[in-house]
Each structure stands twice: as C-alpha cells, then as structure tokens.
Amino acid sequence: AVLVAVPFLFIGFDVIPQSAEEVNIPAKQIGKLVVVSVVLATIWYVMVVLTTASAMPAAQLAGADIATADAFGAMFGSELMAKVLIAGGIAGILTSWNSLLLGASRLVYSLARSGMLPSWFGTLHPEYRTPANALVFIGGISMLAPFFGAEMLGWLVDSGAPSIIVAYFLVSVTFLVLRKREPMMDRPLRVGGNGIAGTIIGWTSVLLTAALFSLYMPGMPASLSWEPWAIFAIWWALGAIFFFKVPAGIKPGEDAEERVLEAVMRRRR
C-alpha cells in the first residue's frame, strides 16, 4: 500500500531540470540540487510516516479523516494544532501547484520548440521571456479540472501513477543507453563516475521501476479499474502522435538536439 503512493511522493523534482535553462547557477550544481532535494524529501516522508504511526493507536489512525493532522493534534492534545498542520499542508500544496505550473509550462514550451506541439505553445512573453501561451493553457485546464467532479479527478490521479513510473523507467533506460552510445558526452554531473557504479545504478533503477509498475496490473495489490487504464491509453496514444511529428532521419550524436531544432525551423518556414 505504501509503495503504491511512492510515485506521487516523488513527482515534482523534474521541475528543477525543466526550468534549468533559466537558472543562473552552474549545471553541475543543478544536478547536485536534484539529488539533495530527493534525499531530503525521502527523509522528511519517512519522518512523517514514523511520527504519525507512533502518535496514535492503529485503530484510531484507520478511522481518522486526515491521519497526519489527527496524530499531530493528539501529540499536542489540541485540536488547534491539528488545524495548524492542515493550514501548513494547504500551503505546501499551493507551493507544489506553483512549481508544477512552472515546470509543465517549460516542458510544453520545449515540446513546441522541438516540433511535437504547435508553435503557438512556444511563444515567449515579449517582456518577461516566459512561455506565456503555455502558462495560459495549463492554467486554464487546471481551473476547469475540478468541475469534472471527484470521481473523474480520482481516475486522472490513478492514471497518472503508472505514467509517472513509465517516465522514471524511460529516464533510467535513456541513462544506460547514453552511457554506452555517447560515453564522451559532456556531463556536468556524472552519476556513479566513469566506472561500473553508474551502470549498476542505472540497471537498479530500471528493475525497480519495472517492478513498481507491475503493482498496478490486474490482480496486483494496486490494480486499477478500467477507467484509469482507458485514460492512460488515450494519453500515451496522443503522446505517440505528437512524437511522430518530430522530423525523421535525425541520427544520434552530440549535436542531435541542434539538428532537430534546425529541421523544425525549416519545416515551419
């Protein structure tokens, strides 16, 4: 049951590399910040779970509406402290929404720049140089989402879990492929150094993400109903359509990204 929730606990760290183009610090430091933030978040999550689990008897926790808040109130013997924790939780959700809006808009901008999405999404604000159209689009659909109802939002969340795992899996595979195909690629932060350690880390990540994905399959502890799987299939089908809009014939290499962008610009002219 805990493993099923893990993907949602570790979503959002991708905002750091997605917004890295606008960050005025060395690339190596950006990579270290990702690792540090994941480690600190893991420690924080473990502390929250242990504190909540030890604050109240299991039977009371099972019947709690918001287990962490109720446990916090029980520790201090005050309903006020439970409300303080809820207020802090709401503030935390708002900061997460803000960061995800930042990262998602930059991701949509990059997809538009590479030809996967219409060029309209790649328009920058004339003064602030931010992806204005992408921000308006994502903000708009985010405002509309609650009107679909709690059940639909539940399906969207459930369909997002295996998508997150697939993304982790593909990043892990790409990590291994690039180490083999482009060993001399410029890497400001080289995970595992130049030796076998990095390959072991990559394969460990591939195996763990594949195992985690299996938990959502029919007959498994976190098996999903057909509605989330339908949304999952539609989402990935749309992704495949946009993926094949990328100019074909671009061979792998250190300057592959530049050649893709040049091909996109020629097509648009």
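Each reported figure results from applying straightforward, stated rules to the coordinates on display, with no laboratory input. Being a predicted model, the structure only gives us computed values, none of them experimental. Backbone-built Cβ (ideal geometry, glycine too); neighbour counts: all protein chains shown.
Within the chain, the ratio Rg/Rh, alpha carbon atoms throughout and Rh by Kirkwood, equals 0.99. Distance between the modelled labels on V166 and R181, one decimal in nanometres: 2.0 nm (7 Å Cα→Cβ projection).
For segment 1-120, what is the per residue volume of the convex hull drawn over the alpha-carbon atoms, in cubic angstrom?
So the per-residue Cα hull volume is 149 Å³.
Which entries of K32/K83; K28/K180; K180/K251 show an alpha-carbon separation above 26 angstrom in the structure shown? Among K32/K83; K28/K180; K180/K251, the Cα-Cα distance tops 26 Å for K32/K83.
The magnitude of the dipole of the chain, with charges of +1 and -1 set on the Cβ of Lys/Arg and Asp/Glu and taken from the Cα centre, is near 1020 debye.
Both the radius of gyration and Dmax for segment 151-269 are 18.1, 52 Å, in that order, over alpha-carbon atoms. When each of the peptides 167-175, 137-145 is scored by how many other beta carbons lie within 10 Å of its residues on average, the order from highest to lowest is 167-175, 137-145. When the helices of the chain are scored as -39500 (n - 2.57) per DSSP H run of n ≥ 4 and the total is divided over every residue, the value at 222 nm lands at -23000 deg cm²/dmol. Rounded to the nearest 0.05, what FRET efficiency do I30 and D255 have when you use their Cβ-Cβ distance and R0 = 22 Å? With R0 = 22 Å, the Cβ-Cβ based efficiency is 0.55. On the basis of the beta-carbon distance and an R0 of 35 Å, M265 and L153 show a calculated FRET efficiency of 0.35.
Compared with the direct C-alpha span, the chain from S225 to F13 gains 73.5 nm at full extension, assuming 0.36 nm per residue.
In plain terms, the chain from T95 to L3 could stretch by 30.7 nm, reckoned as 0.36 nm per residue minus the Cα-Cα distance. Measuring r between the beta carbons of L61 and I234 and using R0 = 41 Å, the FRET efficiency lands at 0.65.
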